[in-house]
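Input: a single structure, listed below in structure tokens.
The values are calculated or read from the model by the stated rules, or taken from the named source; none is laboratory data. Note that the coordinates shown come from a computational prediction; the quantities given were computed from them, not determined experimentally. FYI the Cβ positions are ideal-geometry reconstructions off the backbone, even for glycines, and counts take in every protein chain you see. Areas reflect the complete protein model, heavy atoms only, side chains present, ligands, DNA and RNA absent. Shrake-Rupley method; radii C 1.70, N 1.55, O 1.52, S 1.80 Å.
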Amino acid sequence: MRKVLAIETSCDETSVSVVSNVGDTYKIHSNIIASQISDHSKWGGVVPELAARKHLELLPFVLAEAIKESKINFDEIDAVASTVAPGLVGCLRVGSITARSLCTLHSKPFLGIHHLEGHLSSILFSENYPKKSFLTLLVSGGHTELIRVEEKRKMQSLGKSFDDAAGEAFDKVGRLLGLGYPGGPAIERIAKNGNSGRFNLPKCKISDKQGGFLKYDFSFSGLKTAVLRLVEKINIEGGEIPISDIAASFERVVAEVLVERTINCAREQGLDDVVVVGGVAANNTLRKMMISEASKKSIRVHLAPINLCTDNAAMIGAAALFRLKFKEHISSLKLGVSGRLPIDRATYLYEENPPF
Ligand code: KG4
Ligand code: ZN
């Protein structure tokens, strides 16, 4: 059994986890998550400097709790991992310096993990996850991306959002409807009582310079603006804002766009397995629509466990355990952090002389 202690501090959750694997079976021994949502909600979104300070305050306690709850002695841990890119730089530094200090003091290997690879590795905790090539739809607050994943974690980004990420659109529309932060869970809750067919909101596309549209890319800022205009129009007319109908119509259109483009991409790429991960993957409308539409095309869908969709350290630990299968995938202790690093460049994190 291989065991990893993992740290996630890329945004507004301070999380530490102890995970293990035996062959293809992955297990969580502890996964402590201290959410900072209440610290940021009054500002309507994450305040980077505040988030970094909170990580500094919380991490020692979260770390102690994760080790205690795992009932695993620190000496038994095979490696320590932390998210090092992408994310809020000040926040990433807190996790990275803690992980590297532990590795230096206790002579353990260090693995810097790409946050998006962490999200897609949350699928390793589900039953019958795909072992060969698959397509990942990663939908979070910071990213909306279609990623082709080959064996040995060779990853290629096939499409992404050119403006707002899907989760960001949920958060902005949530704020606009007065539902607070984060908008995703609040919109999902209120949309349950709404009529999703009442408003016809746009499915925005990105123009291709060669003509037509980019078929695997996304744009959500036009959709957010359409909701804003709709609310303004109803306000001018003096009507009451039908919040649940707007929320339901918005949620439906986001799910339709994500499902249509993902299934087309999987078919054209010849991939039979689709993995859906990230905070927005917790959305039940998206989960149900993806399963029902994919089954019509004989595509298998693997959904991240709901409790592992939003940021957590267990998924970072799973990514590290997977990388540990290949001896050469260990990071230098000189590795720093990067606010932006495309998923295609995740191998930078295992170079002897890392570029940052
Ligand atoms: O993956 P995550 O925790 O953080 C990033 O890496 O960005 O995702 C957070 C995002 C937020 O934008 C939040 O509104 C969205 O995921 N989210 C949801 C739901 N739960 C969280 N969006 C739609 N429906 C949900 N149930
Ligand atoms: Zn995330």
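Remarks
- Considered as a group, the residues in the range 24-46 that are more than 16 Å from ligand 2 (Cβ to nearest atom) and open to solvent by 50 Å² or more (accessible area, probe 1.4 Å) include one that is nearest to ILE67 (Cα to Cα), and that residue is ILE28.
- The set of residues in the range 307-332 being assigned to a loop (DSSP other than H, G, I, E, B) and either at pLDDT below 95 or farther than 30 Å from GLY183 by Cα (or both) consists of LEU324, LYS325, PHE326, LYS327, GLU328, HIS329, ILE330, SER332.
- Subset of the range 297-306 that is more than 11 Å from ligand 1 (Cβ to nearest atom) and in a loop (DSSP other than H, G, I, E, B) - its residue that is surrounded by the fewest Cβ atoms within 10 Å (Cβ to Cβ): SER298
- Per-region count, the range 272-295, residues in a helix (DSSP H, G or I) and either small (Gly, Ala, Ser) or open to solvent by 10 Å² or more (accessible area, probe 1.4 Å) (or both): 14
- Any hit, the range 118-137, residues being within 17 Å of the chain's Cα centre (by Cα), within 13 Å of ligand 1 (Cβ to nearest atom), among the aliphatic types (A, V, I, L, M) and closer than 30 Å to ILE241 by Cβ: no
- Across the range 181-198, the qualifying residues are those that are more than 16 Å from ligand 2 (Cβ to nearest atom) and open to solvent by 40 Å² or more (accessible area, probe 1.4 Å), and the one among them that is nearest to THR310 (Cα to Cα) is ARG189.
- Considering the conditions (1) surrounded by fewer than 20 Cβ atoms within 10 Å (Cβ to Cβ); (2) within 17 Å of ASN128 (Cβ to Cβ); (3) not hydroxyl-bearing (Ser, Thr, Tyr), ILE241 is excluded by exactly one of them, (2).
- GLY167 vs. criteria free of Cβ contacts under 8 Å to residues at least 60 places away in the same chain, open to solvent by less than 20 Å² (accessible area, probe 1.4 Å), touching a helix residue (DSSP H, G or I) at 6+ places or on another chain (Cβ under 6 Å) and not aromatic (Phe, Trp, Tyr): no
- Beta carbons closer than 7 Å, at least 6 apart along the sequence or on distinct chains, pair a first residue in the range 315-332 that is over 23 Å from ASN353 (Cβ atoms) with a second that is in a helix (DSSP H, G or I) and open to solvent by 20 Å² or more (accessible area, probe 1.4 Å) for ALA318/PHE125.
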